[in-house]
Amino acid sequence: MSNAREPIAVIGTGYVGLVTAAGFAELGNEVWCVDIDAAKIEGLKRGEVPIYEPGLAEVLSANADHVHFTTELAPALERARLLFVAVGTPATYSGDADLSAVYAVIGAMPASDRHAIVMKSTVPVGTGLAIRRELERTGKADFAYVSCPEFLKEGDAIDDFRQPDRVVVGDDGDWAGDAVVELYAPLGAPLVRTDIASAEMIKLASNAFLATKISFINEIANVCEETGANVLEVARGMGLDRRIGGHFLRPGIGFGGSCFPKDVSALKQLAGNSGYHFQLLTAVIEVNELQKRRVIAKLQKHLGSLVGRRVALLGLAFKPETDDMREASSLVLAARLQGEGALVRAYDPVAEEQAVKLMPGVEMTSSAIDAVTGADAVVLVTEWPEFNELDWAEVASRVTGRLVIDGRNALDGAVVRAAGFTYEGIGR
């Protein structure tokens with residue numbers, strides 16, 4: 001790669017920050033990664049990637065000469081004029097986004113007429129304008145500002161960086177927007193260059209729509225259970241309509257993760273703060289919460305009281321190929337099971353370290369077979385590929401009961417039934 005590519009800084013070394021850094025390093029940019037967590041930075045210098053994301057460690061290792069880690073802003077400011085902000089913006093109790101980390105970054109910046117803040121963190125519409133006011137108030141009005149939202153799916157983030165559906169750049173039509181467009185040009189993705197507020201809304205609206213699609217198909221699945229229809233066939237028929245498409249028409253026990261719950265809540269709250277009641281998103285959130293609890297009703301239908309019953313959870317992360325436990329359905333499910341008096345054992349291929357901090361009283365095991373041993377019921381929570389390869393005859397020899405709840409419709413129901421189990425999916 002040519003050394004002519006512009007050096008950049010990435011502030012924040014979480015999922016978005018590290019994938020962004022790895023992706024641009026692979027394109028030939030020098031990347032300066034900044035984080036206030038000294039222990040994390042020291043680990044990254046040793047090649048220790050703190051998150052599980054397929055391919056990320058390999059890309060960082062292959063491009064180690066282009067990636068530099070530091071706890072200080074000064075080296076990054078000296079070498080890079082584009083400062084990608086990728087810090088966390090978690091939801092507060094009110095549903096608003098917590099922008100304290102964003103404003104901490106803004107506050108740490110010195111006055112400059114050659115730097116631009118490029119916002120990768122997901123922020124409410126109007127944040128760019130508010131940051132502009134803060135920069136002016138603190139004597140930093142010459143900073144440029146660009147909104148460049150990320151659209152990375154955990155588990156596929158490296159491929160999403162390399163082959164994005166689109167690149168969104170919201171700016172004031174100045175040098176900074178031009179520079180960000182030039183950075184992404186080698187990827188050949190469709191470009192949406194727009195104003196800052198519209199760029200901010202594109203991110204929130206996209207995630208809210210996908211979450212709505214999930215809650216819709218989950219509602220259809222619930223109706224299918226009452227009417228005898230098979231939601232998988234229904235989704236297949238719907239998805240062939242090009243106006244609808246088949247993506248995100250997979251029923252299950254609800255969405256989770258760091259994006260959908262937070263962004264749906266943030267958009268609903270933003271609308272409310274603006275005086276508009278976003279009724280559709282209120283229903284999307286309610287359906288998602290109820291969907292997680294329907295598993296309890298399925299278990300009670302077959303087992304009666306859950307007091308003293310042993311329930312095995314297969315998978316804990318909010319989706320496969322990640323160790324992310326944020327808003328994972330397993331958290332609500334485990335808590336409700338324990339509330340009903342059940343004894344919960346669980347297994348996840350990569351998320352145990354994160355899960356154990358969040359699930360007191362849940363016994364973690366080292367394999368799926370260990371988890372199901374002695375269980376009265378087995379619940380598939382996360383559709384890790386290895387669960388499709390289970391020997392259900394062996395599982396049958398280990399369990400006490402004969403009930404399998406497939407919370408992701410990922411298993412072959414006929415195979416499970418042939419092993420002597422009562423099988424229940426979602427919507428079929």
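Could you check the spin-label model distance between residue 100 and residue 307? Points 7 Å from the Cα along Cα→Cβ, value in nm.
So the two model labels end up 4.2 nm from each other.
Using all C-alpha to C-alpha distances in the stretch 8-194, build P(r) with 10 Å bins and read off the rounded percent in each one.
P(r) for the stretch 8-194, in whole percents per bin: 9, 39, 39, 13, 0.
With θ set to phi - 60°, apply the Karplus curve 6.51 cos²θ - 1.76 cosθ + 1.60 along the stretch 403-413 and write out the HN-Hα couplings as whole Hz, x wherever there is a Gly or Pro.
Residue by residue, the stretch 403-413 yields 10, 10, 9, 9, x, 10, 6, 9, 8, 7, x Hz.
So if each residue of separation counts as 0.36 nm, and I subtract the Cα-Cα distance between residue 422 and residue 37, what length gain in nm does that give? Could the numbers behind the result be given before it?
Details: separation 385, 0.36 × 385 = 138.60 nm, distance 4.88 nm.
Roughly 133.7 nm would be gained on extension.
Give me, ordered by chain and number, the residues 5 or more places off residue 69 or on other chains with an amide H under 5 Å from its own placed amide H.
Counting only residues 5 or more places away or on other chains, the set is 33.
All other residues with a Cβ under 11 Å from the Cβ of residue 292 taken together, and with Lys, Arg as +1 and Asp, Glu as -1, what is their net charge? Show your work: numbers first, answer last.
On the way: positive: 293, 294, 336; negative: 289, 327.
Once all neighbours under 11 Å are counted, the net charge is +1.
Just the ratio, please: alpha-carbon radius of gyration of the stretch 386-428 over 2.2 N^0.38 Å, N its number of residues. The partial results should precede the final answer.
Details: Rg = 9.7 Å, N = 43, 2.2 N^0.38 = 9.2 Å.
Against the empirical 2.2 N^0.38 Å value, I get 1.05 for the stretch 386-428.
Starting from the Cα-Cα distance between residue 289 and residue 388, subtract it from 0.36 nm times their residue separation and give me the gain in nm to one decimal.
Here the answer is 33.0 nm.
For the chain, state the semi-axes of the equivalent ellipsoid (square roots of 5 times the eigenvalues of the alpha-carbon gyration tensor), sorted largest first and rounded to whole angstrom.
42, 24, 20
Counting Lys +1, Arg +1, Asp -1, Glu -1, what net charge surrounds residue 149 among other residues with beta carbon under 11 Å of its beta carbon?
That sum, taken over residues with Cβ under 11 Å, equals 0.
What residue among 311, 181, 356 shows peak mean-square fluctuation when the chain is described by a Gaussian network model with Cα springs under 10 Å?
The residue with the greatest mean-square fluctuation here is 356.
Find which of 297, 426, 190 sits farthest along the positive direction of the dipole of the chain, computed with +1 on the beta-carbon of Lys and Arg, -1 on that of Asp and Glu, about the Cα centre.
Of the candidates, 297 comes out farthest on the positive side.
Putting +1 on Lys and Arg Cβ atoms and -1 on Asp and Glu Cβ atoms, find which of 179, 280, 148 reaches farthest to the positive end of the dipole of the chain.
The residue sitting most towards the positive pole is 280.
Pairs 45/120; 40/357; 203/357: which are spaced more than 27 Å apart, C-alpha to C-alpha?
203/357
Non-local amide H neighbours of residue 278 (under 5 Å, H modeled in plane, Pro and chain starts lacking H): which ones?
Correct list: 272.
Kindly provide the chymotrypsin sites (Phe, Trp or Tyr not before Pro) of the stretch 230-281 that DSSP labels as loop, not H, G, I, E or B, and whose Cβ sees at most 11 other Cβ atoms within 10 Å.
276
Can you compute the charge dipole magnitude of the chain about its Cα centre, using +1 on each Lys and Arg Cβ and -1 on each Asp and Glu Cβ, nothing else charged? Give it in debye, rounded to the nearest 20.
Dipole of the chain, to the nearest 20 debye: 1180 debye.
Loop-only trypsin sites (Lys or Arg not before Pro) in the stretch 149-238, please: DSSP not H, G, I, E or B, and at most 14 other Cβ atoms within 10 Å.
Here the sparse-neighbourhood loop sites are 153, 166.
Hey, any idea what Rg/Rh is for the stretch 239-424, computing Rh the Kirkwood way over Cα pairs?
My calculation of the ratio gives 1.00.
Trypsin sites (Lys or Arg not before Pro), restricted to the stretch 28-86: which are DSSP loop and have at most 15 other Cβ atoms within 10 Å?
46
For residue 394, what charge total do you get from the other residues with a beta carbon under 15 Å from its beta carbon, if Lys and Arg give +1 and Asp and Glu give -1?
Taking every other residue near residue 394 into account, the sum is -2.
How long is the stretch 5-70 along each principal axis, judged by its Cα atoms, biggest number first, in Å?
That gives 30, 24, 19 Å along the principal axes, largest extent first.
Debye calculation, C-alpha points only, no solvent: report log10 I(q)/I(0) for the stretch 267-327 at q = 0.15 Å⁻¹, in the same order as the q values.
Here log10 of I(q) over I(0) equals -0.73.
Per DSSP H run of n ≥ 4, the term is -39500 (n - 2.57); total these for the chain, divide by its residue number, and report the mean residue ellipticity at 222 nm rounded to 500 deg cm²/dmol.
Numbers: 18 runs with 188 residues, N = 428.
Computed ellipticity for the chain at 222 nm equals -13000 deg cm²/dmol.
No lab work stands behind these numbers, since they all come straight from the coordinates. Because the structure is predicted, anything quoted here is derived from the model rather than measured. In this analysis, Cβ positions are derived from the backbone assuming ideal geometry, glycine residues included, and neighbour counts consider all displayed protein chains.
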